Amino acid sequence: METLNKDVLERLREVIYELTGNYYPEERLMLLTKKLNMTNINIQSLLKDKNLTKEMLDIITVPETRFFREKIQLETFLKQCVDKLPWQKKGPVMIASYACATGEEVYTLAMMFENAAIPYKIYGFDINETYLQKAREGVYPKRHLMEIPQEYQRFLKITDDSIIIKDELKSKVQFKQLNLIKKEDFLPYKEIFDAAFCRNALIYFNDESKLKAIKNIAYTLKVGGCFVVSMTEVLNRIHTANFDNEKINGIFFYQKAKD
């Protein structure tokens, strides 16, 4: 295999970081180029137009998601956080799901709010348009049915090989392309959300891109809005300077503070 030029690899790392926020250490970068069978020539060709190919973007943004992931966290949010949101029962609860991949988290939240008879509107954001299109279709392999508790399966159409999200949920969600570290992508959403979920995405970011992403997410939250990360993620004080935190049932939730 051709030995890759270090300067070319470094520029590739910079482009990946600029476009996705993901920082690729050398070992991970080499695995990527090997997986894509990349040479110095096709990397340089790729970098000339400063765009990642669709194939590369699909590999970089692996969709690590499933229905009802960390269910206890979601139940705690619904039962103990929703009434504290800026929403105040005026119109629907506005929710953002960042790095939503193929939409399982968005539809999980939709099922839970629908089941609780709480009005809602959910926006799912991701950088990968291929995944977003799958989310809009709302069709998943039938093996995912085991992830969904029986009480929520009434929101699905179940076929021999698929589960299909019913239109009553689809009508209350939207999926949009967005880059977590690009401020301009967030400008249309200033302080419109009561809650924002970003679970298991920031773990791939270095401190600089993580701080950018969290500031951008905070920009979209109303004062008093709730920011939710994975139960296994730890945010330091620098990252959460715009938030107060509250521990409920052993789970941290972050509330946007006044400036």
Counting only residues 5 or more places away or on other chains, whose amide H sits under 5 Å from the amide H of Ser162 once H atoms are built in the peptide plane?
Lys142
Counting other beta carbons within 10 Å of each residue's own, what order do Phe193, Phe67 fall into, fewest first?
Phe67, Phe193
If you plug each phi of the stretch 152-162 into the Karplus form 6.51 cos²θ - 1.76 cosθ + 1.60 with θ = phi - 60°, what whole-Hz ³J(HN,Hα) values come out, in order, with x for Gly and Pro?
9, 6, 5, 8, 10, 9, 10, 10, 4, 10, 9
For the stretch 189-259, what is the Kirkwood hydrodynamic radius in Å, using each pair of distinct C-alpha atoms?
12.1
Once every DSSP H run of n ≥ 4 in the chain is given -39500 (n - 2.57) and the sum is divided by its residues, what mean residue ellipticity at 222 nm do you get, rounded to the nearest 500 deg cm²/dmol?
-10000 deg cm²/dmol
What angle do you read, to the nearest 10 degrees and between 0 and 90, between the alpha-carbon axis of helix 26-35 and the longest principal axis of the chain?
80
Round to the nearest 10 and give me the degree value, 0 to 90, for the angle of helix 207-220's Cα axis relative to the longest principal axis of the chain.
40
For Gly124, the net charge from surrounding residues (Cβ-Cβ under 12 Å; K, R +1; D, E -1) works out to +3
Using only Cα positions of the stretch 167-220, each an equal point scatterer, no hydration layer, compute I(q)/I(0) via Debye at q = 0.14 Å⁻¹ and quote the log10 values to two decimals.
-0.42
Please compute the Cα-Cα pair-distance distribution of the chain with 10 Å bins starting at 0, giving whole percents from short to long.
7, 29, 33, 21, 9, 2, 0
How much net charge surrounds Ile251 when only other residues with a Cβ under 11 Å from its Cβ are counted (Lys, Arg +1; Asp, Glu -1)?
-2
Two-site label geometry, Glu75 and Gln133: point separation in nm, points 7 Å out along Cα→Cβ:
3.8
Nearest-0.05 FRET efficiency for Lys166 and Arg143, computed from C-beta distance (R0 22 Å)
0.70
Treat each spin label as a single point 7 Å out from the Cα along the C-beta direction, and report the Ile251 to Ile203 distance in nm.
1.7
Under 5 Å, built H, 5+ apart or other chain: amide partners of Glu191:
Thr220, Leu221
Separation in nanometres of the label points that stand 7 Å from Cα toward Cβ, at Asp185 and Arg11
2.4
FRET efficiency for Met30 and Thr159 from the Cβ-Cβ distance with R0 = 35 Å, rounded to 0.05, comes out at 0.25
Looking only at lysines whose Cα falls under 17 Å of Lys142's and that sit 8 or more positions away or on another chain, we get Lys134, Lys157, Lys166
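Only the coordinates and a few stated rules stand behind these numbers; no lab work does. Everything quoted here is computed from the prediction, not taken from an experiment. Neighbour counts are summed over all protein chains in view; Cβ atoms, including those assigned to glycine, are modelled from backbone coordinates with ideal geometry.
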